[in-house]
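Read-outs: derived from the displayed coordinates by stated rules, not from any lab. Bear in mind that the values here come from a model prediction, so they are computed numbers and not experimental data. Every residue, glycine among them, receives a Cβ derived from its backbone with ideal geometry; neighbour counts consider all protein chains shown.
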Number of protein chains: 2
Amino acid sequence: MISKACKYGIRAVIFVASKKTEGLKFNIKQIAREVDAPEAFTAKILQFLNKNHVITSLKGPYGGFFIEDYQLDQPIINIVNAIDGMSVFKECGLGLKQCSSVYPCPMHDQYKIARDALLNTFQKTSIRQLAEQLNEGGFYINNQNVLAENI
Amino acid sequence: MISKACKYGIRAVIFVASKKTEGLKFNIKQIAREVDAPEAFTAKILQFLNKNHVITSLKGPYGGFFIEDYQLDQPIINIVNAIDGMSVFKECGLGLKQCSSVYPCPMHDQYKIARDALLNTFQKTSIRQLAEQLNEGGFYINNQNVLAENI
DNA sequence: TTCAAAAAAGACAATTTTATCTTTTATAAA
DNA sequence: TTTATAAAAGATAAAATTGTCTTTTTTGAA
Ligand code: FES
Ligand code: FES
């Protein structure tokens, strides 16, 4: 569906956003631990999201990653778009070189509806919304609740 | 979303099904050409689908791939399941180790709806249906209609 | 029974994605 | 100004997916 890199990225951003407090920043080690993601890989992803202005970083001591006010109301699709691009939401479900209603594959009509619904989900959901849900409780962005027997 | 292997597989199966006539079989070369898929790779995929009883093959001269009556009413999900498995339809949209309403990620409620809709699309659509649509015209399983300028 | 055609099987290669490690650069505080 | 800290950048490495090529097996017809 979407890449692991993208999923790590979304979880990391939600975590940072959920902890947004004046001046508070988080370093890679903390973030990776909190969202159960490989540290070095997450570093690359966040570095890239910073370049794409999804989140913000500051080097040096007392530095780290944080999210600015103007970044908090971005839809989640911004993160997906930055990392994976929009191709999943444009591609033909049967792999034709282009999805089009003029030259549709036999699944086009049904597939497009489901694909658009998924796109809509990512478009209408903001970073702020997910961060708030996380803070309200009952939602998780790591596996630390999962019982050993279920892994 | 789903793998390229799976998409090649679906297109190949639809093609074979659309040409189903008593005793008529198609070899890899014909099938790969008709669905714009790499020949050797498609061979592996069809070989696998035969093992999984999605289609049927016969070796030797006058052999090839064909689909039997009892195989024609399978839902497309059977092909997806054989090649990719069902994990896409079970996985957490944010990559948690398990998707569950007991320990949901902040996107769970919305994501699950879209993911289930996609699953439903693959479940309710049969090989026969897609093959018939193809035969009725206006639908395509290759790129041979695509204008060079659009590639 | 021989032969040619076709899939099956197996080995291997290329590409993409995921992941790690090392070095460099920026920065804030002492 | 020095120092410690943290991200950025760059170089690799591992794994998964996609793709190809060669050899073997099956099979129908001549
Ligand atoms: S053409 Fe296949 S999904 Fe649109
Ligand atoms: S827990 Fe994330 S989608 Fe269900």
Output ³J(HN,Hα) for the range A:47-54: one whole-Hz value per residue in order, computed from phi by the Karplus curve 6.51 cos²θ - 1.76 cosθ + 1.60 with θ = phi - 60°, and x for Gly and Pro. 4, 5, 5, 5, 4, 8, 6, 7
In the range A:4-142, how many lysine pairs have Cα atoms under 16 Å apart, counting only pairs 8 or more places apart or on different chains? 10
Based on the Cα gyration tensor of the protein assembly as shown, what are the three equivalent ellipsoid semi-axes, each the root of five times an eigenvalue, rounded to whole Å and given largest first? 43, 19, 17
What does the copy distance list look like for A:ASP109, label position 7 Å along Cα→Cβ, in nm and ordered from shortest? 3.3
Most fluctuating residue given options B:ASP109, B:ASP84, B:ASP36, as computed from a GNM of chain B linking Cα atoms under 10 Å: B:ASP109
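Please compute the average number of Cβ atoms from other chains found within 10 Å of each residue's Cβ in peptide A:98-110.
On the way: counts 4, 0, 4, 0, 3, 10, 4, 11, 18, 12, 3, 3, 10.
Rounded to a whole number, the mean comes out at 6.
Taking the Cα centre of the range A:38-151 as origin and charging only Cβ (+1 Lys, Arg; -1 Asp, Glu), how large is the dipole, in debye to the nearest 20? Walk me through the intermediate numbers first.
Working: 9 positive and 11 negative charges, 90 e Å.
Rounded to the nearest 20 debye, it is 440 debye.
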With 10 Å bins from 0: P(r) over chain A, alpha-carbon pairs, percent: 10, 36, 30, 17, 6, 1
What gaps in nm, shortest first, separate B:ASN135 from its twins in the other copies when you place the label 7 Å past Cα toward the beta carbon? 6.0
Evaluate the distance, in nm, between pseudo-label points positioned 7 Å from the Cα of A:ASN135 and of A:GLN30 along their respective Cα→Cβ axes. 1.6 nm
Residue among A:GLN47, A:GLN30, A:GLN129 with the largest mean-square fluctuation in a Gaussian network model of chain A, springs linking Cα atoms under 10 Å: A:GLN30
Taking a label point 7 Å out from Cα toward Cβ, give me the nm distances from A:SER3 to the same spot in the other copies, shortest first, one decimal. 1.9
Once you put a point 7 Å from the Cα of B:PHE41 and another 7 Å from the Cα of A:ASN143, both along the Cβ direction, what distance in nm separates them? 2.9 nm
Using 0.36 nm times the number of residues separating A:TYR70 and A:LYS124, minus their current alpha carbon distance, what extension gain do you get? 17.8 nm
